1. Of Ala47, Ala127, Ala91, which has the largest mean-square fluctuation in a 10 Å C-alpha GNM of the chain?
2. Given a cut-off of under 8 Å on Cα pairs at least six residues apart, what relative contact order in percent is computed for the chain?
3. Go through Ala160, Thr48, Asn98 and say which Cα lies farthest out towards the positive end of the charge dipole of the stretch 5-189; charges sit on Cβ, +1 for Lys and Arg, -1 for Asp and Glu.
4. What is the Cα centroid distance between the stretch 88-131 and the stretch 1-66, reported in whole angstrom?
5. Please give the net charge around Val188, taking every other residue with its beta carbon less than 11 angstrom from that of Val188, where Lys and Arg add +1 and Asp and Glu add -1.
6. Build a GNM of the chain with springs between Cα atoms under 10 Å: which of Asp145, Asp74, Asp82 gets the top mean-square fluctuation?
7. Among all lysine pairs in the stretch 5-189 that are eight or more places apart or on different chains, how many have alpha carbons less than 29 angstrom apart?
8. For the stretch 4-85, what's the radius of gyration and Dmax over Cα atoms, in angstrom?
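What follows draws every value from the coordinates through simple rules; no lab data is involved. Source: prediction; values computed, not measured. Virtual Cβ from ideal backbone geometry, glycine too; neighbours counted across all protein chains shown.
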Amino acid sequence: MAVKKILMLVGDFVEDYEVMVPFQMLTMVGHQVHAVCPGKKAGEQVATAVHDFEGHQTYSEKPGHNFTLTADFDAVDPAAYDALVVPGGRAPEYIRLNPRVIEIVRAMAKAGKPIAAICHGQQVLVAADVLGGKSCTAYPAVRPDVERAGGTWVEPNATASNAVVDGVLVTSPAWPAHPEWMRAFLKVLGSTIEP
């Protein structure tokens, strides 16, 4: 398997499972993952939040772990990466306001590089205007954003464990989808897991 260099865009209060699990899974299979946050450097941390589904009208939010960044945001060159991952949580709603985040996402989309986004991570893709004509899913509250951005909404299944693949774009509604989302993303990357 060829090792891929993957960029992960995060910020404070990124969803805990949606940053930790993909980071660990992609690293486990041998890929190099650079997790970056606007305004922060490698070795610094972001706070995470755990979102859960407990029967309320929306998810609940609890403190998560701290997540250590592995690269400097200011040093990111989109051309140096093979793929992009955008986790959900609170972070997407404000990192999308950073012009450099938008430049990075647009550059990677324009180059046809694989992009995996989960839950609210699609808010960053909406802000970068890269969903036009694409089928995708997200956390249900993001549906109006996806549709206004020209994306075709695919309804999450009842357990939010599905993934949608449209070319090199791989999306899912929430962390219960990690197995299917990461399996689909690894397939798009051309990755194999050795027995």
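1. Of Ala47, Ala127, Ala91, the most mobile in the Gaussian network model is Ala47.
2. Details: 441 pairs, mean separation 37.8, N = 195.
Answer for the chain is 19 percent.
3. Asn98
4. When both Cα centres are located, 14 Å separates them.
5. On the way: positive: Lys4, Lys113, Arg183, Lys187; negative: Asp82, Asp166.
Taking every Cβ under 11 Å from that of Val188, the sum is +2.
6. Of the options given, Asp74 has the highest mean-square fluctuation.
7. 17
8. Expressed in Å, the Cα Rg and Dmax of the stretch 4-85 come to 13.6, 43.
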